[in-house]
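Undergrad: One structure, pasted below without further comment.
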Amino acid sequence: MNDYKTLIAFIESQVQSVVPDPGESYRDLHAYFREKIDNPSNDKGDVRLMASRALKVAGLNQNRHSHTASTLNQPANAHKRACAATLLAMSIIRDTSESLLTNDYKRLQKMQTSAVVAELLLLLKKGDTVRSTRHPKLELKNFASAGTRTSLWKMEIEDAYARALDLLLRCEMTFLPPSLPIAQRIRQCFTDYFGDPDAMVDTSTIPFKVGGPTWGTKNQSRLTVAREVMRRVCRNFVRQEVRIYFGGRSIDAGTFAYVSGATNPTKIHVGGMFFTKVQTGLGSEAGTIVHECTHTFAGTKDHKYRSDPCKQLALSEPLKALSNADSYKFFVESAFG
Ligand SMILES: [Zn+2]
């Protein structure tokens, strides 16, 4: 057996040796990995890299199909095997960057072998879903089992959720009511990211994804279009349950957050990079949540990212601006923040 197969066999033997508590079960890591490889939504690069990245950090043979016999089953290598196996599981489950894995590997190496194995089992445990005590409509998944940092991030994500909720409640009160005149400041923010609110557009030419908003009468003002997008986001995010995952498919080193299609309850996946964002102002964590919600509920796309390119888009291609997730993010942050 090569190093990869030795580690997978070790992981399987650990899982088989424990009896899960009622209601709990453990992931079959090999099947989980295959599932990731076969999933067409994995378009963020080759998921096989997740395995080789862990093997590289642990200083092992990175070729999963190599025929070189592994020495990891030798008694002297028991600690190394446990550390490398945990790192491999970590990499496959969380898809984190090489530098994060390097830190994790250093941390694991300093621990007792039994503690490393305990962390491995925690990592493989399914069903880590916790309802937020602060926000009853919010569920958090994978935050407790994904290590010390994520238990701190759990509090940060609850804050980000609360701020997104605030932004959207203000949007509901001051922007959505059709009879309400729009305050000058909000109007200016609108103009920055979508152009003239009263300009008419042919809504059938706005490049929303399938499932995006439609109108009985094709010609509508830009204001009507943006209001409908935000109405969908507010209605769903404010009134419904939301589940936020740490990690998941397609989370790689460069990913802040993503959603996988229209889901109910709303599922938002966040990666470690999410927590590098500011907590208030433009480009915030809460804004990222709003961005993702416009994908889920209103079929927006990612034509442009960042504030200045979004403002430019409003001037050059307003139809794209009206279906661009980041344009809504910056509009909401600047108008209701
Ligand atoms: Zn996006």
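Undergrad: Enumerate the pairs (first residue in the range 60-89 and over 20 Å from L29 (Cα atoms) and surrounded by fewer than 14 Cβ atoms within 10 Å (Cβ to Cβ); second residue anywhere and at pLDDT below 95 and of a type in the set (A, V, I, L, M, F, W, C)) with beta-carbon separation below 8 Å, excluding pairs fewer than 6 apart on the same chain, so at least 6 apart or on different chains.
TA: Hits for this filter: A69/M1.
Undergrad: Report the residue count in the range 274-296 for those that are in a helix (DSSP H, G or I) and either more than 18 Å from V242 (Cβ to Cβ) or within 13 Å of the ligand (Cβ to nearest atom) (or both).
TA: Residues meeting the conditions: 12.
Undergrad: Okay, moving on. Within the range 48-95, which residues are modelled with pLDDT under 80 and either of a type in the set (S, T, Y) or more than 21 Å from T150 (Cβ to Cβ) (or both)?
TA: R48, the sole residue that qualifies.
Undergrad: I'd like to check something: does the range 207-216 contain any residue that is modelled with pLDDT of 95 or more and surrounded by fewer than 16 Cβ atoms within 10 Å (Cβ to Cβ)?
TA: yes
The values are calculated or read from the model by the stated rules, or taken from the named source; none is laboratory data. Remember, predicted model here, so these are calculated numbers, not experimental data. Neighbour counts are summed over all protein chains in view; Cβ atoms, including those assigned to glycine, are modelled from backbone coordinates with ideal geometry.
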